[in-house]
Amino acid sequence: MEEVRAEDTTFNEDYKLPLSGPKMFILGSFLVAFAFAVTFPVDKIFHHYLATALKANANCQLQFKNYEFGLFLPNIQFNEVAIPNNCLTNTQKTLVVDKMRVSFGGVNFSPLGVVVNLGLQVGKNELDVKASSDGNTHVVKMEDQKLLLAPLALLLSQKLGITMPDMRGKAKIDFHLKSQGDRLEIFDLNIDSKDFKLPAQSLMGFVIPDLDFKTLKVETKGKGKQILVEKVTAGDKDSPLYINTRGSIALNDRVINRSNLDMEVELRFSEQILEQYSIFKMVLAQFSKGNNTYKLKVSGNMSAPRTQPL
């Protein structure tokens with residue numbers, strides 16, 4: 001028998017894999033995504049975990065048309081997710097989320113659980129949301145999200161039953177919500193717009209002209225059933241109308257329009273607007289503070305608020 005020499009069995013130290021680092025990363029991502037697609041129980045994920053997290057009552061059954069997998073940075077995309085009537089509020093109509101992309105976002109320690117990244121497309125608006133839950137404590141965050149105000153107002157009015165004026169422009173939104181059981185622990189909402197506008201429309205029985213506010217700022221904080229409105233300002237000293245509002249809202253989370261308001265509102269009109277629309281002077285006369293400025297208190301049910309002078 002021929003003797004095998006040691007040098008015949010050694011590896012060539014100069015041998016290199018034919019794949020570069022980036023190619024190895026792409027190949028590895030593909031293999032992880034492939035395993036993710038083959039082994040994940042998609043129907044169970046949607047119906048048991050996702051639907052349970054979103055639904056507000058036992059009769060709320062979310063549906064989706066189909067789903068597909070993303071191969072790079074593994075994710076599942078559900079298409080045409082339908083949230084039926086009354087799932088979120090008693091006045092909500094069937095809401096369709098065009099696309100809902102779900103992916104792993106790491107681990108959260110308070111509450112302890114997996115962070116889920118949700119990419120939502122509703123009409124022309126797209127949102128990136130981070131959500132985490134341990135079954136009792138739920139956290140939702142949105143940071144630096146850019147939204148078109150016109151489709152947002154239409155969605156709130158037509159689908160969620162929240163009365164909103166027709167709006168134009170874009171806004172940056174930051175949102176942080178934390179709930180413990182049925183109790184709201186954190187509610188932070190900040191909205192900032194540099195091109196906010198109300199087009200001509202009928203609002204609360206009045207026909208208003210085009211109002212180019214340019215700036216809109218909203219700052220709110222909440223806990224329990226109380227939402228503190230720290231600031232809502234629209235416009236500046238050069239705007240046709242300047243609005244400054246603050247106060248609180250006693251929240252009815254099932255029927256939003258039945259929430260109770262306790263707000264202070266300041267309105268300052270330009271001379272041009274008051275000359276062109278003299279009805280504002282007549283209607284707001286009891287609230288006048290001079291210098292084209294009007295101050296009033298708004299209270300009571302959101303669907304039928306009461307006003308009185310400050």
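The values are calculated or read from the model by the stated rules, or taken from the named source; none is laboratory data. All of these numbers come straight from a predicted model, not from anything done at the bench. Please note: Cβ atoms are built from the backbone with ideal geometry, for glycine as well, and neighbour counts cover all protein chains shown.
Does the range 282-305 contain at least one residue that is closer than 25 Å to Ala171 by Cα and touching a Pro at 6+ places or on another chain (Cβ under 7 Å)? No, the range 282-305 has no match at all. Lys178 passes every criterion in (1) among the basic types (Lys, Arg); (2) under 18 Å from Asp238 (Cα atoms); (3) surrounded by 14 or more Cβ atoms within 10 Å (Cβ to Cβ) apart from (2). Selection of the range 228-249 for residues being within 30 Å of Ser179 (Cα to Cα) and in contact with a Ser or Thr (Cβ under 6 Å, 6 or more places away or on another chain) yields Leu228, Val229, Val232, Asn244, Ile249.
This table checks each residue for (1) under 29 Å from Asp195 (Cβ atoms); (2) in contact (Cβ under 8 Å) with a residue 40 or more places away in the chain.
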site: Lys223; (1), (2): no, no
site: Asn244; (1), (2): yes, no
site: Leu261; (1), (2): yes, yes
site: Asn291; (1), (2): yes, no
site: Val298; (1), (2): yes, yes
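Within the set Gly169, Gly135, Gly181, the sole residue that is farther than 21 Å from Thr94 by Cα, touching a Phe, Trp or Tyr at 6+ places or on another chain (Cβ under 7 Å) and of a type outside the set (A, V, I, L, M, F, W, C) turns out to be Gly169. Checking each residue in the range 123-177 for being charged (D, E, K, R) and within 24 Å of Pro84 (Cα to Cα) picks out Lys124, Glu126, Asp128, Lys130, Lys141, Lys159. Looking only at residues in the range 155-190 that are within 17 Å of the chain's Cα centre (by Cα) and of a type in the set (Gly, Ala, Ser), the one that is nearest to Ser133 (Cα to Cα) is Ser179. The lone criterion from (1) within 30 Å of Glu275 (Cβ to Cβ); (2) among the β-branched types (Val, Ile, Thr); (3) surrounded by 14 or more Cβ atoms within 10 Å (Cβ to Cβ) left unmet by Val207 is number (3).
Annotation: Glu266 fulfils all but one of (1) surrounded by 17 or more Cβ atoms within 10 Å (Cβ to Cβ); (2) out of contact with any Leu (no Cβ under 9 Å at 6 or more places or on another chain); (3) among the acidic types (Asp, Glu); the unmet one is (2).
Out of the residues in the range 140-154 that are free of Cβ contacts under 8 Å to residues at least 40 places away in the same chain and either in the same structural domain as Lys214 (by TED's automatic domain parsing) or of a type in the set (A, V, I, L, M, F, W, C) (or both), state the one that is nearest to Val114 (Cα to Cα). For the range 140-154, the residue satisfying everything is Val140.
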